[in-house]
Structure formats: C-alpha cells, structure tokens
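S.K.: Pasting in a structure now, in structure tokens, and then I'll have a few things to ask.
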Amino acid sequence: MSKHNQVKNILLAIAPFLLLSCSSIIVIVFLFFITMRNWIRQKKLNEISADFFNHVTHEFKTPLTTIQVSAKNLKADLEDKKWTGGFRSVEVINRQVQRLDKLVNQALEVSSFDPQTAQFDKHFLITDLYDIILDSQIKWKKEATITLFFDDHIAELCAYYDHFMFTTLITNLIENGLKYNVSNEKNVRVQVVQLSTKLLEIEIRDNGYGIEKRDQKRIFNKFQRGDQLRSMTGLGLGLYFVHKIVKVHKWKLDLDSTIDVGTIFRITIPIIK
C-alpha cells in the first residue's frame, strides 16, 4: 500500500472524530454566546432595578421631610391661632402630597425621566420657582438661608417644561448646595435673569464645599461624587438626575465651582411667548 493511501485511510478513520470535535466546539461556542447574552441581559435588568430603587428612595426623602416639618408648623400655628401660617403650611403639605403621588405613578410606570412620558406644558417659571423655594425654606428653616432674586418683568415670562421634572431639578440643586455644606451660615441664592428676548438663565449659587476640577466632568454620571464628599452619606444620584432632566428638555447646563468657596449652576431655558 502506498504512503498516500495510508494517509487517506487514516484521515477517513479519524474523520468522524474530527467532525464530532468540530461540532462539539461549535455547540460550545453557541452555548457560550447564548449564556453571555442572557447574562448581559440579566445584568442590565439588575442595573435598571437598582437604578429604579435608588431613584425612588432618593426622591421620596425631600417631600416626606417637608411634609413632616410643615405638619409641625401647622400644629404650632393652630395652637397659637395663627391662621395665615396654618393655611400656608396646608398648601405646602398639599404640594408635597401631589409630588409623592406623581412619584408613585412614576414608580408604577418604571420610566424615570423618559422624554416619551414627560408632560411638557407652558408654565410661569417664577411662580413655580417660588413654590419650590418656599418648600425648601420650610425644610431648612433653622439651618440655611435660601433666597430668590429676579426683575419684576421676569414674573410674566413663561417656559415650556415638565412641572415634576423641573421641581426635581431645582430641588436637587438646592439640596446639593446645602447637604454638602459645613459653613456656619449655609446659603443658597437662586437668581433668574433674562439673557435675551428668547432666553432665560437660572443661576443657583451656594457656599458649600465646591467641586474639584478633576471631578467636574464626571459628577453628572450615575453614582459619581466628588472625592472630598465620599465620607458623607449620599448615593451620587442627585446631579445625575439633574443632567438627565436638562437633557430631556434640551436645555443648557453650566457648572462653575471653587473649593471652599462654593458652586454655581447655570441653566439656560428658552422663553415661550
């Protein structure tokens, strides 16, 4: 038998084993691909669930605290028969209850800050800002000063936005400026200016820690916080939500911060006539 025939016979003999081996490798690769795809899908679901839980937990804290403080103020006002203060506290409680109701509905929809579920409408910006700041003033009454400044004519100007998202945006920036603040006199100043016939700017200035230059590019990412703030409680979600809300509305957000001086956030918003 020639050498060529010997090689041919050997190849024919081992061909079934080669075919079985190749088939096995293909099946293993296929199963590996399916397993990895399912693992990635499960990982994404877990991330969505964790993000959803953290969002709801984070957003529930502020209205609940405000309701608690307002309820105490209401009780004191009624005992002293200060009916004006009592009615104001009732209004604050009602606003926060409505916000909690919106949070619950949002939780049921599992669609945080989704442009498709946003309810855009025309609003008097100063009117909404006044209510938001009043609620924050009640919560931080004994710990901080929160002020609103604007020229009289700006009160007549309107903007187009989702009211719930706008409330979350401003509240988170105010909370951020006060929570990460060790000043003896904590202060947040909110100022609205008209940049042109088409644009408004909301400036929120605090005297807190400030944000390091190296942290300013990533501070709006999920679960990211400045290095100097890691020892303090917090999930690193407040500014993440701020960034998402600004993006949904297609607004512009600028950050200017100096360590041990404070932080300034500027939001540019189109005017609606």
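The values are calculated or read from the model by the stated rules, or taken from the named source; none is laboratory data. Keep in mind that this is a model prediction, so the values were computed, not measured. Neighbour counts run over all protein chains shown; Cβ positions are idealised from the backbone, glycine included. Heads up: the accessible areas ignore ligands, DNA and RNA and are worked out on the full protein's heavy atoms, side chains in. Shrake-Rupley method; radii C 1.70, N 1.55, O 1.52, S 1.80 Å.
S.K.: Any residue at all in region 112-127 that is modelled with pLDDT of 75 or more, surrounded by 17 or more Cβ atoms within 10 Å (Cβ to Cβ) and in a helix (DSSP H, G or I)?
M.R.: yes
S.K.: Let me ask you something else. Just for region 237-249: of the residues that are open to solvent by 30 Å² or more (accessible area, probe 1.4 Å) and either in contact with a strand residue (DSSP E or B) (Cβ under 8 Å, 6 or more places away or on another chain) or over 20 Å from L125 (Cα atoms) (or both), which one is modelled with the highest pLDDT?
M.R.: H243
S.K.: Between residues in region 236-256 that are more than 23 Å from K198 (Cα to Cα) and residues that are open to solvent by 40 Å² or more (accessible area, probe 1.4 Å), which pairs lie under 6 Å by C-beta distance while being six or more apart or on different chains?
M.R.: Pairs found: G236/F223; G236/Q224; L237/H58; Y240/K222.
S.K.: Next question. Determine if region 177-194 includes at least one residue that is closer than 19 Å to K252 by Cα and assigned to a loop (DSSP other than H, G, I, E, B). Spell out how you get there, then give the answer.
M.R.: Quick first cut of region 177-194, residues closer than 19 Å to K252 by Cα only: 190-194.
Subsequent filtering for residues that are assigned to a loop (DSSP other than H, G, I, E, B) retains none.
No: zero hits.
S.K.: In the list L200, L134, which residue meets the criterion of being at pLDDT 95 or above and not polar (S, T, N, Q)? Before the answer, list the steps.
M.R.: Details: L134 fails: at pLDDT 95 or above.
Matching residue, one of L200, L134: L200.
S.K.: OK, next. From the list A155, A144, pick out the single residue that is surrounded by 17 or more Cβ atoms within 10 Å (Cβ to Cβ) and either under 21 Å from R99 (Cβ atoms) or of a type in the set (A, V, I, L, M) (or both).
M.R.: Checking each option against the conditions leaves just A144.
S.K.: Given the condition among the β-branched types (V, I, T), at pLDDT below 90 and within 26 Å of N184 (Cα to Cα), answer yes or no: does some residue in region 147-166 qualify? Don't jump to the end; show me each part of the working.
M.R.: So the first thing to find is which residues in region 147-166 are among the β-branched types (V, I, T), and the list is 147, 154.
Right, trim to at pLDDT below 90 and you get none.
Within region 147-166, none of the residues are among the β-branched types (V, I, T), at pLDDT below 90 and within 26 Å of N184 (Cα to Cα).
S.K.: For region 158-175, what are the residues that are open to solvent by 30 Å² or more (accessible area, probe 1.4 Å) and not in a helix (DSSP H, G or I)?
M.R.: Correct list: Y160 only.
S.K.: Just need a number here: residues in region 250-267 that are within 23 Å of H123 (Cα to Cα) and either touching a His at 6+ places or on another chain (Cβ under 6 Å) or open to solvent by less than 20 Å² (accessible area, probe 1.4 Å) (or both).
M.R.: Final tally of qualifying residues: 2.
S.K.: Determine, yes or no, whether G210 is closer than 26 Å to K142 by Cβ and part of a helix (DSSP H, G or I).
M.R.: Taking the combined requirement at face value, the residue does not satisfy it.
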